[in-house]
1. Please identify the longest segment of the chain free of exposed GluC sites (Glu not before Pro), where exposed means a DSSP state other than H, G, I, E or B and no more than 12 other Cβ atoms within 10 Å.
2. If you take every residue apart from residue 173 with its C-beta less than 12 Å away from the C-beta of residue 173, what net charge results, scoring Lys and Arg +1 and Asp and Glu -1?
3. Calculate one ³J(HN,Hα) per residue across the range 148-153 by plugging θ = phi - 60° into the Karplus curve 6.51 cos²θ - 1.76 cosθ + 1.60, and present them in order as whole Hz with x for glycine and proline.
4. Equivalent-ellipsoid semi-axes (√(5λ), Cα gyration tensor) for the range 501-590, whole Å, largest first?
5. By count of other Cβ within 10 Å, fewest leading, how are 19, 551, 223 ordered?
6. Please report, in whole Å, how far the alpha carbons of the range 249-388 spread along each principal axis, starting with the longest.
7. Over 23 Å between Cα atoms: which of 184/561; 499/573; 227/572; 358/401 fall into that group?
8. Taking the 0 to 90 degree range and rounding to the nearest ten, how far is the long axis of helix 479-492 tilted relative to the main principal axis of the chain, both from C-alpha atoms?
Amino acid sequence: MGSNYPIRIQSMVNTPTMDTMATVNQCIRIINAGADYVRITAPGILEAENLANIKSELNKQGYKTPLIADIHFNPKAAEVAAAIVEKVRINPGNYTDKKRFEQLDFTDLEYNLEIEKINEKLLPLLKICKEHGTAIRIGVNHGSLSDRIISRYGDTPMGMVESAMEFIRICNKENFQSLVVSLKASNVRIMVQANRLLVNKMIAENLTYPIHLGVTEAGDGEDGRIKSATGIGSLLADGIGDTIRVSLTEDPEAEIPVAKQLASIFSGRKESQAIPFINTDLKNPFEYQKRESVEVKNIGGRNVPVVIADYDFSVSSDKLTSMPEYFYLNSGLDYTKLPENFDYILNLHDWWKYAKDKSNFYPFYTDAEFRFYGAKHADLNFVVVSNQDDIEKLIDAIDGKANVVLILETFNSNGFADQRSFFYQLLERKINIPVIINRNYADENLSEFQIKSASDSGGLFIDGFGDGIWIRNAMPFKPSEITSTSLGILQASRVRVSKTEYISCPSCGRTLFDLQTVTSQIKQRTSHLKHLKIGIMGCIVNGPGEMADADYGYVGAAAGKITLYKGKQVIKKNIPSEQAVDELLGLIKENGDWKDA
Ligand code: SF4
């Protein structure tokens with residue numbers, strides 16, 4: 001891993017670790033799907049010891065894939081596992097600290113004593129790892145930072161970085177180099193900022209450890225894929241990331257094709273066409289700041305990014321629960337049969353011929369058409385540009401007209417960097433025309449289209465660029481599928497909320513209920529509550545911390561028992577699982593957050 005090796009793919013089993021054969025069989029399914037490593041939870045010493053049986057059975061069946069033990073709260077379990085498996089993941093938030101939310105003020109002396117404690121607990125593990133050639137992942141999660149870190153840095157990306165750096169510095173001092181570092185969060189923007197900060201900090205301290213990327217509790221289906229691709233893809237596009245895990249609330253082997261596709265998107269980028277140099281001083285990559293743009297109709301300014309989708313006549317039968325703001329009309333459509341209640345964009349020729357007098361039709365120009373053709377719409381004109389166009393000439397032509405929106409396309413094989421470079425040129429020239437990010441694909445599979453488009457565009461929105469999104473595909477996906485993907489990318493980038501957000505863990509050997517079934521039951525009954533974030537977590541040990549900023553939480557407390565949270569506060573403890581979904585709905589209602597569908 002690391003250096004010039006390919007991006008390594010991994011997943012984690014969700015079977016009980018003491019069930020050797022179930023765990024072995026799931027490891028095999030994950031390995032056969034193409035994983036380079038498999039992670040197994042080891043909550044206690046017994047489970048850590050049983051890793052030896054799991055490994056031996058795998059070896060007997062011809063599988064030598066490296067195994068990783070996942071440790072929380074139990075240094076002794078880490079020490080046992082380190083003598084058996086190839087890597088041990090420890091969480092700095094709970095390796096030495098028990099999170100009590102008690103002491104939120106630490107004097108310098110108390111703070112340094114805590115670091116000393118980490119040192120003491122970590123040294124025995126480093127010794128065993130050195131003896132056995134075992135690697136360590138220092139795996140920080142946004143939701144489980146220690147009280148000490150929160151006291152100094154808050155629940156912030158810098159807090160996550162410092163949490164890892166405390167452990168990294170000790171390993172480095174002990175000349176222990178078999179390290180990999182991860183900073184994960186379910187909030188994609190925080191996850192991206194934290195990893196950028198980590199790399200910056202490591203460079204400053206002359207450290208170059210590999211980085212493991214993942215978005216925690218990403219959920220399932222379309223949401224899980226888009227959220228993971230937005231976070232992981234944004235960082236891979238920055239050149240950050242040596243191994244990845246896509247955490248889906250699905251069977252673990254289902255994560256592997258998604259992760260492989262994500263990694264493959266970036267494998268050929270070095271060979272891209274030249275991209276103009278960017279002046280990185282123009283923007284702080286560690287904080288979110290929206291690029292300022294003027295408002296043109298409902299685009300730019302303080303408006304949330306808009307969605308454009310290609311129109312086809314299936315719209316009338318298609319269940320478009322969320323509408324795009326604009327439909328693009330391809331030439332050849334019968335414009336007389338269009339529903340009246342939408343806004344449409346069409347090429348200049350057709351607009352002039354059929355629709356220039358209609359208030360809800362807007363023209364779409366090429367750069368040359370805009371510069372040399374006199375007719376313009378009074379309120380809104382779309383002009384397509386790319387990073388190759390002569391920006392100066394176009395800007396001169398647009399100058400003084402407050403009714404232009406740019407559609408930014410790209411032909412570069414590294415389209416992300418190409419489009420980002422265009423935005424930097426606009427920043428440099430202080431040009432604040434709104435810009436729609438446009439990408440064109442030819443995918444046959446909807447899931448592949450979602451992963452590609454999220455990893456291509458999500459990072460630009462995380463950077464604060466983009467006043468809208470227009471993704472297209474040569475194969476005719478329905479307008480509802482395109483719109484849903486676009487809105488998913490905007491939501492994952494945290495620039496526009498259009499649906500209930502589910503923060504559901506991928507499940508593991510600690511999980512106390514059927515997470516996939518319960519997640520789908522909760523989704524069915526709450527998907528209209530677009531203003532809420534709902535956490536669905538498999539265990540009480542890590543769940544409450546990991547669900548981070550969820551408004552409500554459904555957490556496995558014991559076998560058959562569920563605890564419900566409002567924010568970070570426990571509201572109902574140990575409810576029988578058969579009643580728990582109803583009780584969750586009741587809790588949402590009691591707090592005035594319920595709306596009828
Ligand atoms: S929150 Fe879910 S994935 Fe995390 S340890 Fe608990 S059960 Fe496992």
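Just so you know, all these numbers are worked out from the coordinates, no wet-lab data involved. Here the structure is a predicted model, which is why all the values come from computation and not from measurement. Heads up, the Cβs are rebuilt from the backbone with ideal geometry, glycines too, and the neighbour counts pull from every protein chain shown.
1. 445-597
2. Working: positive: 169; negative: 166, 174, 205.
Residues near residue 173 contribute -2 overall.
3. With the stated coefficients, the range 148-153 comes to 4, 5, 4, 4, 8, 10 Hz.
4. On the way: eigenvalues 58, 37, 34 Å².
For the range 501-590, the semi-axes come out at 17, 14, 13 Å.
5. Details: 19 15, 551 20, 223 23.
Arranged by neighbour count, lowest to highest, 19, 551, 223 become 19, 551, 223.
6. Sorted largest first, the three principal extents are 51, 43, 32 Å.
7. On the way: 184/561 28 Å; 499/573 28 Å; 227/572 30 Å; 358/401 21 Å.
Exceeds cut-off: 184/561; 499/573; 227/572.
8. That works out to roughly 50 degrees.
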